[in-house]
Structure formats: structure tokens, C-alpha cells
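Undergrad: Got a structure for you, questions after.
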Amino acid sequence: MIVETGAFALILAFALAALQTGLAVAGRVRRSPVLAGAAAGAAIGSAVAVAVAFAVLIHAFAGSDFSVANVAANSHTDKPMLYKVAGAWGSHEGSLVLWCLVLTAFGAALARARDLPFGLKTSAVAAQGFLGVLFLAFAVFTSNPFARLDPAPFQGASLNPLLQDPALAFHPPLLYAGYVGFSVCFSLAVAALIEGRANSAFWPAWGRWVRPWALASWAFLTVGIALGSFWAYYELGWGGWWFWDPVENASFMPWLAGTALLHSAVVTERRGALAGWTTFLALLAFTFSMLGAFLVRSGVLTSVHAFAVDPERGLMLLAILGLTGGLAFGLFAWRAPQLKGGGMFAPVSREGALVLNNLFLTAACATVLLGTLYPLILEAVNGSTISVGPPYFALTFTPLMAVAFLILPAGPLLAWKRGDLPGVMQRLAVAAGLAVLLALAGLAVFEPRKALAAAGIGLGAWLILGALSETGERIRLFRAPVAESLRRARGLPLGAWGMTVAHAGLGVFVLGAVVETGYRAEAARPIAIGEVVEAGPWTVRLDDVRVVEGPNYLAERGRLTVSLRSGAAPREITAERRFFPAGGQTTTEVGLDFRGLDDVYVVLGERGRTEAGEPAWSVRVWWNPWARLIFLGPALMALGGGLSLMDRRLRLGVSRREARA
């Protein structure tokens with residue numbers, strides 16, 4: 001009976017979303033606050049109904065109710081409770097309910113937003129409701145997570161062992177909070193286009209309204225992508241953290257579009273300029289999110305990240321993408337001539353720097369889109385198969401972003417409307433000099449042939465020092481008494497600190513990525529007990545291998561000693577090969593020795609025999625220098641987004657007086 005309650009709640013949510021859309025449209029046409037208020041109530045009711053359905057699904061997974069087909073296919077009685085709960089969103093059907101939960105929750109928050117103009121808010125609630133109708137209909141009519149099995153199996157098939165990991169338990173909710181959060185930006189952009197505002201006074205206020213939603217979604221998406229990358233790093237056992245997998249790209253494209261949207265919205269808010277471009281990016285960010293949903297659920301991709309389901313449901317997702325994207329961009333094309341606003345500005349200005357930033361970000365996003373879709377399009381057209389991997393992205397994406405990073409520190413120091421570029425470069429001279437010195441130091445300390453990696457070190461340092469220089473200018477560091485600088489620092493808005501932390505976090509990530517990629521060392525060979533493998537400055541000795549029993553698996557657990565050849569204290573780590581009887585799958589558990597910023601990364605492979613007939617195991621070792629920074633950087637970036645979101649100016653949004661105007 002509880003399961004049927006969940007199914008009913010999901011149908012009720014669909015009906016309420018349809019009611020939300022109809023009432024909001026009627027309220028806008030009739031300019032009726034009563035109908036608009038009823039639409040807001042329906043939006044909240046829809047979110048509550050989806051929350052009930054999701055809670056019922058979690059209850060079914062936690063209780064191992066194998067009469068539910070979704071539970072039987074993705075759970076097992078021997079699984080730890082964390083992974084039973086995570087199984088609720090580990091399948092196509094369950095993750096779609098999570099998507100709808102986030103979509104309706106953001107819709108309810110939008111419906112409760114204060115100080116938005118009546119027409120804009122009502123139109124946005126209608127657009128958000130329409131999105132809810134489409135995705136809830138998809139869940140109810142084609143992907144029912146509560147479908148029953150009769151007779152019910154005695155045991156479930158279990159969740160993919162690779163997904164039975166703490167990082168993957170929290171990765172989808174955070175990722176979806178970012179993915180689907182951009183739906184509010186999408187709805188606000190559609191509402192602005194419907195309202196057809198031609199006056200320049202509207203757009204600064206609209207930029208202020210859309211920016212908190214974009215900022216929250218971007219921060220969640222940053223954490224979600226980083227968590228997924230960290231999972232791939234230590235769970236898949238291939239030694240890397242990013243492979244330009246199409247499913248990875250599907251989450252990266254909305255992040256790039258969202259980053260461009262954040263910077264463009266600043267110009268729209270402060271100067272009323274770039275209104276059309278900001279609206280376009282707001283539409284694009286969520287469209288890329290829907291494209292990602294199609295890619296991972298249509299069966300067109302083969303990936304450990306993908307929900308490989310039947311193509312018919314993929315076609316329905318493609319229809320949703322085509323309908324929403326077609327209507328939105330068609331509306332944009334119709335209204336584009338009216339999207340004028342904002343004052344003029346010189347090419348050398350803060351606005352000019354932000355426009356340049358947007359150009360590079362969108363060009364980089366286009367290269368990722370091309371590299372992701374081209375193999376699929378080619379295969380669909382003539383059946384040919386082609387692989388687009390890291391070399392393509394290294395030649396296209398990396399140079400674009402490198403130029404964008406070179407420009408980035410100068411932007412915040414430029415004045416609005418017209419900037420003084422020589423003055424800005426003078427203020428950044430110390431940061432530039434230190435960055436060049438660090439690049440030369442990297443070239444000297446490491447190998448001379450690693451010139452590109454050394455340049456990357458300089459680029460990462462330039463981003464960090466440039467961000468700190470901007471804050472130093474604001475508080476007049478070293479140019480005013482210490483007390484005065486501290487007073488200015490306390491008076492800086494949280495948004496300014498958030499920008500500094502986010503830009504510095506980007507520099508930290510760049511440092512980690514270039515050093516880990518450029519200077520890593522790898523070694524692999526079969527070794528018997530007591531033998532060693534050397535990688536870079538590290539030595540790894542295999543001490544013992546024994547069979548252990550886990551909650552739902554059997555494992556060969558290797559005990560290894562990691563030591564530095566120069567004499568650092570040795571440490572003991574373990575690495576495993578796990579066999580899951582429920583699914584008949586074998587996975588690896590990486591042994592990681594954290595040494596400051598570095599990782600010693602060890603994978604225990606299959607058992608074999610030496611020439612003398614002794615048991616031997618294939619052991620692969622990576623030395624990944626500065627790998628900690630790869631994951632610390634995005635954490636700092638998300639922290640910066642959170643600090644900016646806490647800024648009182650963003651939390652309050654637009655004043656009542658501006659809203660009435």
C-alpha cells in the first residue's frame with residue numbers, strides 16, 4: 001500500500017504541475033493575483049507530492065521490497081544501508097524522480113520568491129510548471145519507478161558495484177541540484193522574453209534577479225562534478241581524474257555555460273548591457289542540462305556513468321529537449337530585436353573584459369559540444385565510428401582556456417565603461433613577476449622538456465596572485481596603515497570575497513592539473529610477496545595478500561608498504577580486488593597514500609605465477625604530484641560561490657521600490 005501511495009503522489013504531482021501552468025497563464029492573462037497565488041500554491045503542492053513519492057521510493061529500497069521492479073533490479077539484501085538508500089537514485093527511474101524533485105523544489109522556491117514584478121514572476125512560474133509537466137509525464141507514463149513484479153523475486157540483482165561508493169551516493173543529488181537549478185534561470189529568461197521588456201530600466205533588475213539562481217546552481221554543479229571526478233579517480237583504478245568521457249562532458253557543458261552566464265549577468269545587472277546575450281546563456285545552460293539527460297538515458301552512449309535504457313525513452317527525452325529548446329530559442333529569435341539596453345562602453349573596460357571572457361568560455365563550450373556529438377552524428381549518418389579523446393581537447397579546449405586565464409585577473413581591476421589598461425598592468429606587475437619566477441622554477445626543478453607544464457604552473461600562480469592582488473587593491477594593502485587595511489577588509493562585501501576565493505580556487509585547480517598531468521610517473525609489473533615496484537621517487541613493496549569477506553563481496557586484499565627512496569618514513573596501505581557474487585562483477589579498490597599534496601596510487605591486479613612458479617600479482621603504481629590541488633580547487637570555487645550567495649545584496653535581491661518600477 002505504501003508503494004501505491006508513492007505512485008499516486010507522483011501522478012498527483014503531475015496534475016498539480018499542469019494546474020500550476022494553467023493557473024499561472026490565466027493569472028497573467030487576466031492580471032489576477034488570486035489565480036497567480038493559486039498557481040504558486042500548486043507549485044508548492046507539486047514539490048511536496050514529489051517529495052512524498054521520493055520518500056516512498058527510498059523506503060522501498062531501504063526495506064528491500066523486491067515486489068517493486070526498480071528495487072529488484074538495483075538492490076540486494078546484503079548491501080550496506082547507505083547503498084540501499086543510494087540505489088533509489090542509482091537507476092534511470094529513480095534518478096528521474098530525483099530530477100523531478102529538484103525541479104519542483106526549485107519551482108516552489110521560485111513561486112515563493114518575493115519582490116519580483118507580477119508579470120515576470122507569473123510567467124516564470126508558468127514556464128517552470130510547463131517543465132514540470134513534461135518531466136513528470138515522462139516519469140509517470142514511461143519510467144514508472146513503482147511498477148510491481150508478480151511474483152516478487154526472493155533476492156534482488158543488486159546495484160552496479162562501481163556505484164556502491166560514498167562519493168557516488170552524494171554525487172547525483174549535488175549534480176542534479178546544479179543541472180536542474182538552471183531551470184529557474186531558463187524560466188526567468190522565458191518570462192522576460194514573454195514580457196517583451198524593451199525599456200533599459202528593466203534589465204539591470206532582471207540581472208539581479210537571475211544571478212542568485214545561477215550562482216547557487218553553478219556552486220552545486222561545481223561540487224557535483226568534482227565529487228564525480230574524485231570517485232572516478234579512486235574507484236575506477238585507471239589512475240586519472242578526467243578522461244573527456246561524453247558523460248563527463250555532458251555535465252561540463254552546463255558548467256561552462258553557467259560560468260559565462262554568471263559573468264554576463266554581472267554586466268546586465270550593473271550596466272543593463274548584454275541583455276540579449278545573458279538571456280541566451282540562461283536558456284543555453286538548462287538546454288545543455290537537458291542534453292546531458294538525453295545522452296545518459298538514451299542508450300546512445302556506453303559509459304559506466306550512463307543509464308543505458310531503451311531508445312524509445314531516449315526519443316521521448318529528445319522530444320522534450322526539442323520542444324522546450326525549440327520554443328525557448330524561437331521566442332528568443334522573435335524578441336531579440338527588442339532586447340536593447342545599457343549604456344555604451346569602451347573595449348578596454350570591465351564590461352569589455354567580461355565580454356571577452358564570455359567569448360572564450362562559449363568557444364570552449366562549443367569545442368566540447370563538437371567533440372561530444374560529432375562521433376554520435378557520424379555514426380548515425382553513415383555508420384562510421386570515430387573516437388574523440390584527450391588529444392582533440394588538448395588541441396582545442398586547452399589553448400582557449402589558457403588565453404581566458406591570462407585575461408581573467410585584469411578584469412576585476414578595470415573600471416566600468418572605460419578602463420586604464422596600463423594602470424591595471426602596473427598594479428598586476430608584482431603578481432606577473434612572481435608567476436614568471438614560479439614558472440622558471442618549475443622548469444628548473446623538473447625536466448626541461450616539460451616546458452608546457454612549467455608554463456601551466458606560471459598560469460595557475462598568475463590566477464591566484466591576480467585574485468589576491470585585486471583584493472589587496474581594494475583594502476589598500478601595504479599602501480595604508482594596517483588598521484585601515486583591516487577596516488577595509490571587514491567592510492568588503494561577501495560577494496567580493498567570494499569572487500577572490502573562486503578565482504584563486506581556479507588557480508589552485510590549474511596548478512594541480514598541470515603538475516599532476518605533466519610530472520606524473522607510472523610503473524607496472526607482476527611481483528611476488530616481498531618484491532617492489534618503483535615509480536618516480538617512490539618504492540612500493542608487496543607484503544601480503546589474503547582473502548577477506550565484506551558485507552556483500554569477497555576480496556583479495558594486498559598489504560603494501562610505500563616508502564620514499566630518499567629515506568622518508570614508510571607507510572602501509574591496502575589495495576583490493578573485490579568480487580560481488582550478486583552481480584558476478586569484479587572491481588578494484590585503489591590503495592592511496594596521501595603524501596602532502598601528492599598521491600601514491602596503487603592498484604592490485606590479477607593473480608599469476610612467476611617463472612619459478614610462485615604466486616605473483618600485477619601491481620600498477622602511479623606517483624601523482626599535487627593531485628590534492630585538483631580537488632581542493634573546485635571546493636574553493638564552490639566556497640566562493642557560496643560566499644557570494646550569502647552577500648546581503650544578493651539575498652535581498654531588488655528592493656521593493658525597484659520592483660514596483
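Undergrad: Which number in (1) over 29 Å from L221 (Cβ atoms); (2) in contact with a helix residue (DSSP H, G or I) (Cβ under 9 Å, 6 or more places away or on another chain); (3) hydrophobic (A, V, I, L, M, F, W, C) marks the one condition that V600 misses?
TA: The one condition V600 does not meet is (2).
Undergrad: If we only count helices (runs of 4 or more DSSP H) wholly inside the range 344-428, which ones have 1 or more residues that are hydrophobic (A, V, I, L, M, F, W, C) and within 21 Å of A260 (Cβ to Cβ)?
TA: Helices (runs of 4 or more DSSP H) meeting the threshold: 350-382, 390-407.
Undergrad: Picking from P581, P615, which residue would you name as being surrounded by fewer than 18 Cβ atoms within 10 Å (Cβ to Cβ) and in contact with a Lys or Arg (Cβ under 7 Å, 6 or more places away or on another chain)?
TA: Details: P581 fails: in contact with a Lys or Arg (Cβ under 7 Å, 6 or more places away or on another chain).
Unique residue meeting the criteria: P615.
Undergrad: Given A496, A454, which one is of a type outside the set (D, E, K, R), buried (at least 21 other Cβ atoms within 10 Å of the Cβ) and either part of a helix (DSSP H, G or I) or at pLDDT 95 or above (or both)?
TA: From the options A496, A454, the qualifying one is A454.
Undergrad: Go through the range 584-633 and give me each residue that's of a type in the set (G, A, S) and within 25 Å of the chain's Cα centre (by Cα).
TA: Start the filter on the range 584-633 by keeping residues that are of a type in the set (G, A, S), which leaves 584, 591, 596, 605, 608, 612-613, 616, 618, 627, 633.
If the condition is that a residue be of a type in the set (G, A, S) and within 25 Å of the chain's Cα centre (by Cα), then A627, G633 are the ones that fit.
Undergrad: Filter the range 353-387 for residues that are of a type outside the set (S, T, Y), without any contact (Cβ under 8 Å) to a residue 40 or more places away in the chain and touching a helix residue (DSSP H, G or I) at 6+ places or on another chain (Cβ under 6 Å); which is nearest to W462 (Cα to Cα)?
TA: Residue satisfying both the conditions and the ranking: A363.
Undergrad: Just to be sure I understand, how many residues within the range 335-386 are surrounded by 13 or more Cβ atoms within 10 Å (Cβ to Cβ), among the β-branched types (V, I, T) and either in contact with a Cys (Cβ under 8 Å, 6 or more places away or on another chain) or farther than 13 Å from V267 by Cβ (or both)?
TA: Result for the range 335-386: 5.
Undergrad: I've got another one for you. Can you tell me which residue among G433, G442, G466 is modelled with pLDDT of 95 or more and crowded, with 21+ Cβ neighbours inside 10 Å?
TA: Answer to the check: G466.
Undergrad: Could you run through the range 516-570 and say how many residues are surrounded by 17 or more Cβ atoms within 10 Å (Cβ to Cβ) and not in a strand (DSSP E or B)?
TA: 8
Undergrad: Can you report the number of residues in the range 147-178 which are in contact with a helix residue (DSSP H, G or I) (Cβ under 6 Å, 6 or more places away or on another chain), in a loop (DSSP other than H, G, I, E, B) and crowded, with 17+ Cβ neighbours inside 10 Å?
TA: 4
The values are calculated or read from the model by the stated rules, or taken from the named source; none is laboratory data. Predicted model, so just to flag it, every value in this text is computed and none were measured. Positions of Cβ are generated from backbone atoms using ideal geometry, with glycine treated the same way; all protein chains shown enter the neighbour counts.
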